[in-house]
1. Can you tell which of A:Arg151, A:Arg158 is at negative phi and out of contact with any Phe, Trp or Tyr (no Cβ under 9 Å at 6 or more places or on another chain)?
2. For residues that are in a loop (DSSP other than H, G, I, E, B) and either modelled with pLDDT under 90 or under 26 Å from B:Gly54 (Cβ atoms) (or both), tally how many sit in segment B:173-224.
3. Return yes or no: is A:Ala267 touching a Gly at 6+ places or on another chain (Cβ under 8 Å), loosely packed, with under 15 Cβ neighbours inside 10 Å and outside any helix (DSSP H, G or I)?
4. With B:Val50, B:Val32 as the choices, which residue is surrounded by 14 or more Cβ atoms within 10 Å (Cβ to Cβ) and at pLDDT 90 or above?
5. Any idea which of B:Ala164, B:Ala223 is farther than 30 Å from B:Trp131 by Cβ and small (Gly, Ala, Ser)?
6. Would you please name the residue that is nearest to B:Leu133 (Cα to Cα), looking only at residues in segment B:33-52 that are more than 28 Å from the chain's Cα centre (by Cα) and at the interface with chain A (Cβ under 9 Å from one of its Cβ atoms)?
7. Looking at segment A:118-173, which of its residues are aliphatic (A, V, I, L, M) and surrounded by fewer than 16 Cβ atoms within 10 Å (Cβ to Cβ)?
8. Report whether or not A:Gly140 is under 19 Å from B:Val43 (Cα atoms), under 17 Å from the mean Cα position of the chain (by Cα) and not polar (S, T, N, Q).
Amino acid sequence: MTRSLFPAALFLAAVAGATLSRARIVALEAPRAGTKELLYLPNGKYLKAASLGQASVVADLVYLWAIQYYSDYDRADRYTYVEHVFGKVIPELDPRFVDPYWLGALILTTEAQDLDSGLRLLELGAEKNPREWIFLFLAGWECDHVKDYDRAAAYFERAARVPDAPAPLVRLVAGMRARGGNLREAIAKWEEVLADPRGDEASQAIARRQLRTLQVRADVKDLEEAIASFRERQGAMPRRLDDLVRAGFLKRLPLDPDGKAYRYDAASGTVTSDASRVLGS
Amino acid sequence: MTAIAAVALNTFREAIRDRVLYLLLAVALVVVAGSRFVAMLTVGSETKIVKDLGLAAVSIFGLLIAVFIGVSLVSKEIERRTVYTLLAQPVARWQFVAGKYAGLLLVLAANVLVVGGSVLAAVGLLGESPWGLVPAMALIFVELGVVAAFAILFSSFTNPILAAVGTFAVYVAGHLSWSFDLLKKRVTTGAGRQLCDILHAVLPNLDRLDLKADAVHGAAIPAGTFAAAAVYGLCYAAAVVVLACIVFERREFA
């Protein structure tokens with residue numbers, strides 16, 4: 001009896017010893033070393049050599065680890081190596097792995113508020129994957145987010161030039177040009193959308209509506225600038241819009257998209273049009 | 001030819017009775033099934049991770065099968081002295097070695113079909129066409145054929161432990177053969193540079209048989225590239241098997 005119980009008792013004692021010592025190890029565990037563990041992450045090219053033909057799966061594992069690592073918001077100094085992990089280690093293992101570029105950029109721009117580093121990561125993604133428009137598209141939205149509309153338009157323009165990019169990207173270029181105040185450039189882009197034979201009916205309807213609105217905005221802007229110049233030089237508001245042409249501030253008076261003359265309030269110097277209020281095609 | 005087929009079938013039957021094979025196959029299938037759960041930890045790229053892990057399972061577990069079963073195929077027969085009975089039959093020594101190699105290839109083909117088939121099914125269940133992975137799997141099989149040829153070669157003149165070490169060493173060197181080019185740029189003496197050239201030419205360039213990344217990213221694999229890689233691997237493996245036959249022919253049994 002004693003002989004048969006001995007192995008069982010030995011087994012239980014060993015299990016209890018392992019359990020207790022493990023609990024002790026956890027209790028003695030040093031406070032988290034912050035980003036120090038990242039110092040031991042090897043460079044991508046060395047990892048690739050060590051992967052012996054399994055670089056793609058090692059890239060997946062580093063990416064999965066990085067997601068868990070950066071999901072911990074308590075880490076001090078958590079943004080120091082984002083660009084290194086997402087822009088060097090993973091791309092060196094698998095440059096065609098699309099998601100790490102944009103996820104790293106998202107962490108940098110949204111959480112770290114570091115637009116330039118985020119854009120650098122997206123640019124790298126676009127460079128390594130010239131047939132992917134998504135990086136330039138996301139870069140455009142990041143610039144839009146900080147109200148840098150010209151830069152956003154430039155990114156959307158590059159995205160639209162990528163082969164097989166969705167046709168509506170040109171609409172974003174036009175939209176950003178309008179938001180940035182470059183109304184004439186926006187009009188030129190919308191005319192491009194309208195003239196595109198591949199455009200569907202919805203795109204054409206949007207283009208027509210935008211052209212109508214932008215035409216009014218651009219004309220009103222030109223007219224009000226001419227009125228301001230007239231007032232500065234003559235010391236009084238023009239009594240009628242015709243005065244602007246006669247005084248040489250405008251070559252001719254524009255008509256609104258309905259072919260009607262713009263209304264002018266000489267007291268306030270403002271120009272309006274009914275066409276700007278029309279919605280729908 | 002009949003003798004080779006008989007040895008091959010016998011080797012295949014013997015291998016499928018080996019518990020190591022089933023253990024490796026079971027772990028490979030668990031990896032493929034588990035890839036769906038691993039993919040849940042990611043942000044995007046779920047299908048890519050399933051494909052990567054699946055192809056890695058086909059490749060790594062195939063390598064383990066090629067090494068652990070391959071290295072003992074010839075030496076076990078010598079150790080158990082069953083080789084004497086076999087060679088007393090109308091079977092030439094080279095036919096014995098070629099048959100052993102063909103049997104090992106059948107085992108590896110079964111591994112690629114079972115594990116690879118489950119990878120294709122897993123990718124298909126995610127709603128994506130899995131057929132782009134087939135060329136990569138075919139070249140994994142060719143690569144395993146090269147490794148198996150080395151396992152048979154080493155097995156024909158040394159014990160299983162040394163044969164396993166040698167086969168793994170060739171596998172590692174085969175995936176690092178590009179480093180000889182790198183080394184050549186740093187070596188100034190003529191002899192060193194020539195040695196780099198020789199090693200680069202002689203060792204199998206296994207990276208040339210790796211189309212996994214192209215297949216996973218859906219890149220078009222030119223038929224010429226695929227065919228050239230397959231022919232390179234098959235010719236290389238054939239050369240190593242011929243070498244193994246020569247070594248075994250010359251071997252004297254005590």
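1. A:Arg151
2. 15
3. No, not satisfied.
4. B:Val50
5. Unique residue meeting the criteria: B:Ala164.
6. B:Ser45
7. Residues satisfying the conditions are A:Val146, A:Ala167.
8. Answer is no for this residue.
The values are calculated or read from the model by the stated rules, or taken from the named source; none is laboratory data. Just so you know, these numbers come straight off a predicted model, no measurement behind them. Using ideal geometry, Cβ is built from the backbone for each residue, glycine included, and neighbour counts are taken over all protein chains shown.
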